Amino acid sequence: MTKKKPKLSKIKKYKSAYIFFTEENIPKYKKLEPKLLLREIFKLIGKDWKKLSKKEKEKYYKLENKSKETFVKSKENAKYNYKKKKVEIKKPIRYRTSFMIYLHENKNKIDKNNCITSLKNIGELWKKLNEKERNIYVKKSEEDKKRYKNELVDYLKKKDLIEKNESKKLIKTR
């Protein structure tokens, strides 16, 4: 039987002055006009908050400061971690084939209104290329493949999935 990990005490973040003001005024508006929806009550409370003077708001700012102090104290006493965004390393973009490079260089020939036929025409032009012209794109593809392999090794090292020696074996097998 596995034991469950004990849950850390949940610490709520401190309340702002405006939140204290709304908590105080929601019951008042509900008594005055019980048919009002909550969002309408919040609109009215927002208007009232804007009308308050600085002296009237001081009361709520004092409550906010007390709330902050208790939050800081409880944060120091307990193990509290804010949810941090996980930084993910993006996988490298896969290498392009020689045809894809050719297609990219000739993308201005693609008609936006009639994509399928223009892509078929570019495919036919690719088939008609002689070996010298085609080898240019093959070399570019091979260079892109090397770039991809290098980036992949760096990616895997960063992810701690492989060690330096294993990365060389991985490249040779591909």
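The values are calculated or read from the model by the stated rules, or taken from the named source; none is laboratory data. The shown structure was predicted, so the numbers you read here are calculated from the model rather than taken from an experiment. Methodologically, a virtual Cβ is constructed for each residue, glycine included, from the backbone with ideal geometry; neighbour enumeration extends over all protein chains shown.
Computed quantities for the displayed model
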{"item": "Near pairs, Cβ below 9 angstrom, 6+ apart or cross-chain, from region 50-71 (part of a loop (DSSP other than H, G, I, E, B)) to any residue that is surrounded by 13 or more Cβ atoms within 10 Å (Cβ to Cβ)", "result": "Leu52/Phe21; Leu52/Tyr60"}
{"item": "Residues of region 38-84 that turn out to be farther than 13 Å from Tyr14 by Cβ, under 35 Å from the mean Cα position of the chain (by Cα), of a type in the set (Gly, Ala, Ser) and modelled with pLDDT of 90 or more, as a count", "result": "1"}
{"item": "Failed criterion for Ser141 (all others in (1) within 36 Å of the chain's Cα centre (by Cα); (2) modelled with pLDDT under 90; (3) of a type in the set (S, T, N, Q) hold)", "result": "(2)"}
{"item": "Residues satisfying the stated conditions in region 103-138, i.e. outside any helix (DSSP H, G or I), surrounded by fewer than 12 Cβ atoms within 10 Å (Cβ to Cβ) and at pLDDT below 85", "result": "Asp111, Lys112, Asn113, Asn114"}
{"item": "For Lys157: the one exception among (1) in a helix (DSSP H, G or I); (2) modelled with pLDDT under 90; (3) closer than 30 Å to Lys15 by Cα", "result": "(3)"}
